[in-house]
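FYI, it's all coordinate maths here, none of it is from the lab. Bear in mind that the values here come from a model prediction, so they are computed numbers and not experimental data. Every residue, glycine among them, receives a Cβ derived from its backbone with ideal geometry; neighbour counts consider all protein chains shown.
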Amino acid sequence: MAVNVRDNVKNDLLWKEWATLLNGVIFDADAQQNNYDDLVKALYNVQTSKRWGEKAATFGGLGDYTSKVEGAAADQDEAIEGYAKFIEHVTFAKDAIISKELLDDNQIEEAKAKMFNLVMAYKRTRAKLASMALTSSVDSTTTMSFGGKTIDISGADTLALFNTAHPLKNAFSTGTTNITMSNLFSNDLGSTTVVLNKISNRIRNFKDDRGEVLGFDADTIVIPGDDPEYEDFVKKLIGSDGEVGSNNNDINTQRGKWKLVVDYLWTEATGHPYIVMSSKANKALLASRFYDRTKLDIMNDVDVHSRNLTYNGFGRMSCGFTNWRHVAMGGVTGGTSL
């Protein structure tokens, strides 16, 4: 993530050697690929930003090609603009203190641990923001409280990411308007591949704002991280050679199609919710977006009153959803029945 560390203690001889060592720990911790970074990358399109927020709109794409006579001009067409979404960045910060007493007692390993955890706390906050936004934007929930701030987690159509009635803004190919589609379902995965097949088919048949079928195949399943029996079942469902839960010799049609993401930050008290996603649709539609406005920036300084060395971590980030057609959630009360 390329953390920026600015050293303000170069002229403080007592702290200079320690600051050099601690800065090295920060760089090493930032360079380590870990499960927090992996989770954000699995769920979002990670982008940088140079503004205080980002606005993006969905587009329905062009219409079909039409025939023309020799020498004639082609029919002109333009992409149909859908709903727009503004995502505002949020500032997060944290201090870590290395006491003068720790320096006097030469407890360098304890000081290194604090610096390592300063970086990990930032990465954890980043992953929690990503996970909580994705798994909370359900039904009528369009805001969430996070880190002391209320954050908008609605989609571009002002509804939650997972909703039973997403409107198509311009369904020209059907000649009608006020068409809605659901990506929130009540069905549990069950003990066979039937529900997974059905929800995958729904994702494949999601339509853009022009009313054209997108045809993206789902390839990712996201489940909570606190349900080991359910996790074991899903692994069998997508990995067994034969038909799951059966003595039949039929092949398992789901084997090799899926990537399983166990979201250990998603803790669900009841039921067995799950998310099915097309990673290709997510990228093609730039649907789930995570912005790093200011990557982790760390400054250090010595407080003359306490003689402590203070490290301050600072970062700005945001996430949001400009499209819903890449995902569906199942196992939720009040969802559409497949």
Karplus-derived 3J(HN,Hα), 6.51/-1.76/1.60, for each residue of the range 194-202, Hz, glycine and proline x: 4, 5, 4, 4, 5, 5, 5, 5, 4
Under the Karplus curve 6.51 cos²θ - 1.76 cosθ + 1.60, θ = phi - 60°, whole-Hz ³J(HN,Hα) for the range 162-168, x wherever Gly or Pro sits: 9, 8, 8, 9, 6, x, 8
Residue 185 long-range amide H proximity, modeled H, under 5 Å: 329, 330, 331, 332, 336
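I want the local charge near residue 185. Using Cβ-Cβ distances under 13 Å, sum +1 for each Lys or Arg and -1 for each Asp or Glu among the other residues. Please list the in-between numbers first.
On the way: positive: 198, 202; negative: 139, 188.
Charge balance in the 13 Å sphere: 0.
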Base-10 log of normalised Debye intensity for the range 112-211 (one unit scatterer per alpha-carbon) at q = 0.13, 0.16 Å⁻¹: -0.67, -0.86
Excluding exposed DSSP-loop chymotrypsin sites (Phe, Trp or Tyr not before Pro) (at most 11 other C-beta within 10 Å), longest clean stretch of the chain: 66-338
Cα-only Debye scattering, the range 1-159: base-10 log of I(q)/I(0) at q = 0.16, 0.19 Å⁻¹: -1.03, -1.24
In nm, spacing of pseudo-spin labels at residue 140 and residue 333 (7 Å Cα→C-beta vector): 1.4 nm
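Between residue 6 and residue 201, 0.36 nm times their residue separation minus their Cα-Cα distance comes to what?
Values: separation 195, 0.36 × 195 = 70.20 nm, distance 5.16 nm.
This chain segment gains 65.0 nm when fully extended.
How large is the dipole of the chain about the Cα centre if only Lys and Arg carry +1 and Asp and Glu carry -1, each at its Cβ, rounded to the nearest 20 debye? Before the final figure, lay out each step's value.
Working: 37 positive and 44 negative charges, 115 e Å.
My answer is approximately 560 debye.
Give the calculated FRET efficiency between residue 213 and residue 251 to the nearest 0.05, with a Förster radius of 22 Å applied to their Cβ-Cβ distance.
After rounding, the FRET efficiency stands at 0.20.
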CD proxy at 222 nm, helix term only [per DSSP H run n ≥ 4: -39500 (n - 2.57); per residue of the chain; nearest 500]: -8500 deg cm²/dmol
GNM top mover of 308, 106, 45 - the chain, alpha-carbon springs below 10 Å: 106
Separation of the residue 14 and residue 194 label points, Cα + 7 Å toward Cβ, nm: 7.3 nm
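Sorted from fewest to most neighbouring beta carbons within 10 Å, what does the list 67, 99, 306 look like?
67, 306, 99
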Gain upon complete extension [residue 68, residue 314; 0.36 nm per residue less C-alpha separation]: 82.7 nm
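Could you work out how much longer the chain between residue 97 and residue 50 gets when fully extended? Use 0.36 nm per residue separation minus the Cα distance between them, nm to one decimal. Could you put the intermediate results ahead of the total?
Numbers: separation 47, 0.36 × 47 = 16.92 nm, distance 3.05 nm.
Extra length available between residue 97 and residue 50 comes to 13.9 nm.
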Neighbourhood net charge (15 Å Cβ-Cβ; Lys/Arg +1, Asp/Glu -1) for residue 135: -4
Exceeding the 30 Å Cα-Cα cut-off - candidates 114/259; 41/207; 16/128: 114/259; 16/128
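Shape of the range 208-312 from its Cα gyration tensor (a ≥ b ≥ c, root eigenvalues): rounded if a/c is under 1.5, otherwise prolate when a/b > b/c, or oblate?
Numbers: a/c = 3.61, a/b = 1.84, b/c = 1.97.
Judged from the Cα gyration tensor, the range 208-312 comes out oblate (a/c at least 1.5, b/c at or above a/b).
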Whole-Hz ³J(HN,Hα) from phi, Karplus 6.51 cos²θ - 1.76 cosθ + 1.60, for the range 122-136, glycine and proline x: 5, 5, 5, 4, 4, 5, 5, 4, 5, 5, 5, 4, 5, 8, 9
For residue 156, distant residues with modelled amide H under 5 Å away: 323
Radius of gyration and maximum dimension Dmax of the chain, Cα, Å: 24.5, 88
Pairwise FRET efficiency - residue 294 versus residue 110, Cβ, R0 = 30 Å, nearest 0.05: 0.55
Separation in nanometres of the label points that stand 7 Å from Cα toward Cβ, at residue 84 and residue 42: 3.5 nm
